[in-house]
Amino acid sequence: MEEKNQVNNVGNKLSEDQLKIAREKKLSAGVSAFLMGTLGVHKFALGYKKEGYITLGITLGTLFLASLFTWTIAFIEGIIYLTKSDEDFYNTYIKGHKGWF
């Protein structure tokens, strides 16, 4: 899906408003992935309710026994979010709605 979004946006620059949205969501999702990722907060910050509830359900359903697993996934996702350019982040996670990694 990411490749499709990049092909569709070749030559099209994002507006300042779109870049501002991407910066704000990228920062909030990245930081919340590091701090509260085991509860799926970073997914909710992006508006991904289904993925957020899945992460939260795994953590709470196993009485936090799987929290190391969910935090590891969130940590990796936080790194991915924060290292993407604003344009790539917008195309992948805001416009493309890529739920996992």
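For segment 14-31, residues that are of a type in the set (Asp, Glu) and within 16 Å of Lys43 (Cα to Cα) total 1. If the condition is being surrounded by fewer than 16 Cβ atoms within 10 Å (Cβ to Cβ) and over 10 Å from Phe89 (Cβ atoms), then segment 14-26 contributes Ser15, Glu16, Asp17, Lys20, Glu24. When we screen Phe44, Phe75, Phe64 for residues that are at pLDDT below 95 and over 16 Å from Ile21 (Cβ atoms), the only hit is Phe64.
The criterion of at least 2 residues that are among the charged types (D, E, K, R) is met by the following helices (runs of 4 or more DSSP H) wholly inside segment 4-101: 16-36, 49-61, 86-89.
Within segment 50-74, restricting attention to residues that are in contact (Cβ under 8 Å) with a residue 40 or more places away in the chain and within 11 Å of the chain's Cα centre (by Cα), the residue that is surrounded by the most Cβ atoms within 10 Å (Cβ to Cβ) is Ala74.
The values are calculated or read from the model by the stated rules, or taken from the named source; none is laboratory data. None of the values given here were measured: they were computed from a predicted structure. Neighbour counts run over all protein chains shown; Cβ positions are idealised from the backbone, glycine included.
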